[in-house]
Amino acid sequence: MSLSSDIPLEIVYEPEGGVTPGPRKYFFGLNILIPYYTSYLNFIRKMQSRYGDVVFFKAGNENIFLVNDPGFIEHILITNPDNYLRGTGFTRLRMLLGDGLLSTDGAIQKKHRAMIQPSFHRSSIGGYVKLINDTVEKEISKWNSKIDLQNNSVDLFLIIICRLLFGNALPGELIPTVKFFDSLTYDYKALVSIGMPKLARKLPFTWARNFSRSVENLDKIIYSVIEERMCTDKGCNDILSLLLSARDENGEVLSDKEIRDELVTILFAAYDTSARTLTWALILLSQNPSVLENLRSSVEEESSSFTEMVISEALRLYPPAHSITRITDKEDRYKNHFIPARSSIIISPYLIQRNERYFDRPLKFIPERWDSVNKPVNRFTYLPFGAGKRSCMGEVFARMQVNSALRYICNDYNFTIHGKIKESSSLTLKPSGKVTINLNARRT
């Protein structure tokens, strides 16, 4: 029998009378472990299709619940969030991010979010519009007629976020260093999968040594910029200055280490999400020429509403954060499901946003579903930026960047993307391999 063959339904009777369906283990659980780690999206898609919106399975000794029921999601993210802590993938990100907002919980997370969130209010980031638009026009105008869309999108948004973070103090070596981490995506996925990540960095493998050296180099660059800014104190209008001036309720400032961790967290979260969203949006537009023409018409009318619908629909079909993970601190119960303490929870925006019960023709690219009349009403069926107290603070900023780039490209260029596009579910959801786009200036 194949390790990935169809497996029969088994009702898993858990402690305290909970009942949750899930797959039966055999071959020492390899029938679950292998597809879970090697073809993750296909695996969770099959689990939901076969067993429903709440599925229980074991990967090794780990109890895992795949949750795609909107009510259960609300319970996890809104009703009882203090019992559902960051998943192990987030905590292992500390190797790179330190104790930033993405990798912490509890008092540290609450304190930092309260201090940093004002920097991401719509009123604050509105002042960055000109910088974003000017950078988009300057950088995209340099693109050749045939490019790797993923690579160029990463370059574009790295430049934007670095200028927003550091202003004119942007070190020339910072972007190449960050891009090196982007090239390590698959190795880093292996690294964070190891149970003792600090030890993993010391393993005698090239990727482990490269990772450690790159973190050290990144730290050297970031701390140098922080020190220089503290000495000059020129009152720059960038996020570094906002972090340096932030105060908590007791009037305390962030330490150099805390500022470093938040800068690195914002840097990696911002460029990656925006680059993946722009890439998927352009792929979808190339496959749907009538939608592209509607977008161009809206740009000519100086309206951004349809572009926002296109972005929302691209995020529905291809959310960069394809999974939201949590770990239960204490045992919990939701309806007839009992969740033991230290269980892993997977909420998949990728799955729930493609569910035909919540979206008409869910696999079709239909931006119009996001107009004010047709917009889906259940907030827990659309989660590209999460929900609750750990939701992404940078949603408005990310949309602003992608909106600017999308409008500029579609208005100024004709473009084609050829070849079959396959999904890759590494740290974020992106196309597998290169995405070659041919660009030609439009005659208007």
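The values are calculated or read from the model by the stated rules, or taken from the named source; none is laboratory data. The shown structure was predicted, so the numbers you read here are calculated from the model rather than taken from an experiment. Quick reminder, even Gly has a Cβ in these numbers, built from the backbone with ideal geometry, and neighbours come from all protein chains shown.
A few comments on the model shown:
- Selection count where residues are of a type outside the set (A, V, I, L, M, F, W, C), more than 15 Å from Thr177 (Cα to Cα) and modelled with pLDDT of 85 or more, scope the range 216-244: 4
- Test: residue in the range 281-292 that is more than 24 Å from Arg442 (Cα to Cα), assigned to a helix (DSSP H, G or I) and either in contact (Cβ under 8 Å) with a residue 60 or more places away in the chain or of a type in the set (Phe, Trp, Tyr) (or both): no
- The criterion of at least 3 residues that are closer than 22 Å to Ser426 by Cβ is met, among helices (runs of 4 or more DSSP H) falling completely within the range 16-117, by 30-38, 40-51, 88-92, 94-97.
- If you go through the range 156-174 and keep only what is surrounded by fewer than 18 Cβ atoms within 10 Å (Cβ to Cβ) and either under 21 Å from the mean Cα position of the chain (by Cα) or among the hydroxyl-bearing types (Ser, Thr, Tyr) (or both), you end up with just Ile159.
- Note on the range 250-287: among residues that are under 21 Å from Phe385 (Cβ atoms) and among the small types (Gly, Ala, Ser), the one that is farthest from the chain's Cα centre (by Cα) is Ala281.
- Strands (runs of 3 or more DSSP E) contained in the range 322-401 and holding at least 1 residues touching a residue at least 24 places away in the same chain (Cβ under 8 Å) and acidic (Asp, Glu): 332-334
- Residue check: Tyr408 meets all listed conditions (1) in contact (Cβ under 8 Å) with a residue 40 or more places away in the chain; (2) within 26 Å of Val136 (Cα to Cα); (3) surrounded by 15 or more Cβ atoms within 10 Å (Cβ to Cβ); (4) within 21 Å of the chain's Cα centre (by Cα) but one, namely (4).
- Any hit, the range 334-351, residues being crowded, with 18+ Cβ neighbours inside 10 Å, closer than 30 Å to Thr135 by Cα and not basic (Lys, Arg): no
- Members of the range 12-38 that are modelled with pLDDT under 85 and in contact with a Ser or Thr (Cβ under 8 Å, 6 or more places away or on another chain): Val12, Glu14, Asn31, Tyr37
- So Ser303, is it without any contact (Cβ under 8 Å) to a residue 60 or more places away in the chain, of a type in the set (Gly, Ala, Ser), assigned to a helix (DSSP H, G or I) and more than 24 Å from Thr20 (Cα to Cα): no
- Among the conditions (1) at pLDDT 95 or above; (2) touching a Phe, Trp or Tyr at 6+ places or on another chain (Cβ under 9 Å); (3) more than 22 Å from Ser274 (Cα to Cα), Ile347 misses just one, which is (3).
- Within the range 75-104, residues that are closer than 17 Å to Thr273 by Cα reach no partner that is modelled with pLDDT of 95 or more and crowded, with 17+ Cβ neighbours inside 10 Å with beta carbons closer than 7 Å at six or more positions or on different chains.
- In the range 124-168, the residue that is nearest to Thr232 (Cα to Cα) out of those that are in a helix (DSSP H, G or I) and aromatic (Phe, Trp, Tyr) is Phe166.
Okay, residues lined up against (1) surrounded by 21 or more Cβ atoms within 10 Å (Cβ to Cβ); (2) touching a helix residue (DSSP H, G or I) at 6+ places or on another chain (Cβ under 8 Å):
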{"site": "Ser241", "(1), (2)": "no, yes"}
{"site": "Glu252", "(1), (2)": "no, no"}
{"site": "Arg260", "(1), (2)": "yes, yes"}
{"site": "Ile266", "(1), (2)": "yes, yes"}
{"site": "Ser274", "(1), (2)": "yes, yes"}
{"site": "Leu282", "(1), (2)": "yes, yes"}
{"site": "Ser303", "(1), (2)": "no, no"}
{"site": "Ala321", "(1), (2)": "yes, yes"}
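- All of Leu85, Leu77, Leu3, Leu9 fail the test of being modelled with pLDDT under 90, among the hydrophobic types (A, V, I, L, M, F, W, C) and closer than 22 Å to Leu351 by Cα, apart from Leu9.
- Number of the condition not met by Asp256 [criteria: (1) out of contact with any His (no Cβ under 8 Å at 6 or more places or on another chain); (2) surrounded by 20 or more Cβ atoms within 10 Å (Cβ to Cβ); (3) closer than 27 Å to Leu170 by Cα]: (2)
- Each residue in the range 358-386 was checked for being surrounded by fewer than 13 Cβ atoms within 10 Å (Cβ to Cβ) and under 23 Å from Tyr40 (Cβ atoms), and 1 of them qualify.
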